[in-house]
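Asks: Attaching a single structure in structure tokens format; questions to follow.
Just so it is clear, none of the values below were taken in a lab; they were calculated from the coordinates. Note that the coordinates shown come from a computational prediction; the quantities given were computed from them, not determined experimentally. When we count neighbours, we look across all protein chains shown, and the Cβ atoms used for this are built from the backbone with ideal geometry, even at glycine.
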């Protein structure tokens with residue numbers, strides 16, 4: 001004895017088949033979009049050409065950019081900076097993607113790192129770079145206390161220096177005889 005009519009069985013079969021087919025097609029589309037997204041997010045490693053350089057500061061420019069030890073695991077970008085101002089540079093920061101690197105003249109900015117119209121170099125491992133993301137000369141602090149560049153990067157520089165100073169002061173306090 002059959003309790004489910006034949007027409008109902010056929011309808012349930014068609015619904016189930018449609019649901020399965022829709023799930024398979026949906027999964028294939030999702031997988032393809034995920035694959036495309038991953039391709040778009042894939043880094044293009046540096047091999048022989050550095051990414052473009054953007055300057056967000058007026059008087060500090062990259063005048064030469066090369067790759068040292070090209071093709072080796074420890075290859076690095078070597079950037080030569082020229083200070084085009086009449087003021088000494090005490091600190092600067094270069095950003096790329098979500099990373100930043102820079103030079104400074106010590107905790108209290110007491111040592112200039114680039115004299116007026118002078119140059120300095122900065123090395124960055126090329127493993128941190130890719131051709132799709134530019135290097136940005138983002139911020140600079142001068143000997144007279146003036147600064148130039150992106151506000152968010154300057155704020156980060158101030159915060160990092162304040163943190164380092166607090167750690168240094170705490171260490172000095174611990175080292176003092178009681």
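Asks: Out of all DSSP beta bridges with both ends in the stretch 53-172, state the antiparallel percent to the nearest 5. Please report the intermediate quantities before stating the final value.
Replies: Working: 31 of 34 bridges.
The antiparallel proportion sits near 90 percent.
Asks: Points 7 angstrom from Cα along the Cβ direction at residue 4 and residue 68: gap in nanometres?
Replies: 7.5 nm
Asks: Now for a separate question. Please work out how much length the chain gains when fully extended from residue 167 to residue 121, using 0.36 nm per residue of separation minus the C-alpha to C-alpha distance, in nm with one decimal.
Replies: Values: separation 46, 0.36 × 46 = 16.56 nm, distance 2.81 nm.
Gain on extension, residue 167 to residue 121, equals 13.8 nm.
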